[in-house]
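Enquirer: Quick one: the structure is below, questions incoming.
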Amino acid sequence: MPSLNPYLSFKNQAREAMTFYRSVFGGDLDISTFGQYEGMVQDPSENDLVMHAQLSTPDGFVLMGADTPRGVEYREPAGISVSVSGDDETALQAYWDALSEGGTVVMPFETPPWGGRFGMLTDRFGIDWMLALNAPQ
């Protein structure tokens, strides 16, 4: 069955960001560098940059990311958010607390008019997140 997974682009921060996300969500993190594959970058100083990282969490999340080498235009993330939702308030609060540390809260994780809880933030790596606790039925 196909899956839909966020793939995040970074400018020289993919290793730090993906390691941070592992600390938030848990799971297994696999990282491949440009230097592991001959000819992937022109500048040897970029060999340690992340060509591909994949975080697979116990909750079934798959989050991927990579650095953008100099030969490729980097564009800061815009117009998209990573959304995490569910019924486990304790887990969502823990994700919120960790992701917001060093970031910017756009909308506090509070009760919206439709119930449950909802909040938006930009983490310290410039990634936008939305967290939602499902409203009771």
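Enquirer: Return the Rg/Rh value of the chain, two decimal places, where both radii are evaluated on C-alpha atoms and Rh is the Kirkwood radius.
Expert: With Rh from the inverse mean 1/r over Cα pairs, Rg/Rh is 1.02.
Enquirer: While we're on this one: Which length gain, in nm to one decimal place, applies between T111 and E89 when the Cα-Cα distance is subtracted from 0.36 nm times their residue separation?
Expert: Stretched fully, the T111-E89 segment lengthens by 6.7 nm.
Enquirer: Could you go through the stretch 17-30 in sequence order and give the Karplus-derived ³J(HN,Hα) for each residue, using 6.51 cos²θ - 1.76 cosθ + 1.60 with θ = phi - 60°, rounded to whole Hz, and x for Gly and Pro?
Expert: Result, rounded to whole Hz: 5, 5, 5, 4, 5, 5, 5, 7, 9, x, x, 9, 10, 10.
Enquirer: Here's another thing I want to ask about it. Using the beta-carbon distance between A135 and A78 and R0 = 35 Å, what value does 1/(1 + (r/R0)^6) give for FRET efficiency, to the nearest 0.05?
Expert: Efficiency computed from Cβ-Cβ geometry: 0.75.
Enquirer: At most 10 other Cβ atoms within 10 Å and a DSSP loop assignment: could you name the chymotrypsin sites (Phe, Trp or Tyr not before Pro) in the stretch 39-121 that fit?
Expert: Qualifying residues, ordered by number: W114.
Enquirer: Run the numbers for Y7 and S45: contour at 0.36 nm per residue of separation, minus the present Cα-Cα distance, in nm.
Expert: Difference between extended and current length: 11.3 nm.
Enquirer: In percent, what relative contact order does the chain have, based on Cα pairs under 8 Å that are 6 or more apart in sequence?
Expert: Normalised by residue count, the contact order of the chain is 21 percent.
Enquirer: Any idea which of V72, Y21, A98 is furthest toward the positive side of the dipole for the chain, if Lys and Arg beta-carbons carry +1 and Asp and Glu beta-carbons -1?
Expert: It is V72, whose Cα lies furthest towards the positive end.
Enquirer: Before anything else, pin down the relative contact order of the stretch 7-67: Cα pairs under 8 Å, at least 6 apart, normalised by residue count, whole percent.
Expert: Worked out over the stretch 7-67, it gives 43 percent.
Enquirer: E101 versus E38, label points 7 Å from Cα toward the beta carbon: distance in nm?
Expert: 4.3 nm
Enquirer: Counting other C-beta atoms within 10 Å, and keeping those with at most 10, which DSSP coil GluC sites (Glu not before Pro) do you find in the stretch 1-63?
Expert: E38
Coordinate-derived values only; no laboratory data. Just so it is clear, the structure is predicted and the values come from calculations on it, not from any experiment. No Cβ is skipped: glycine too gets one built from the backbone with ideal geometry, and neighbour counts run over all protein chains shown.
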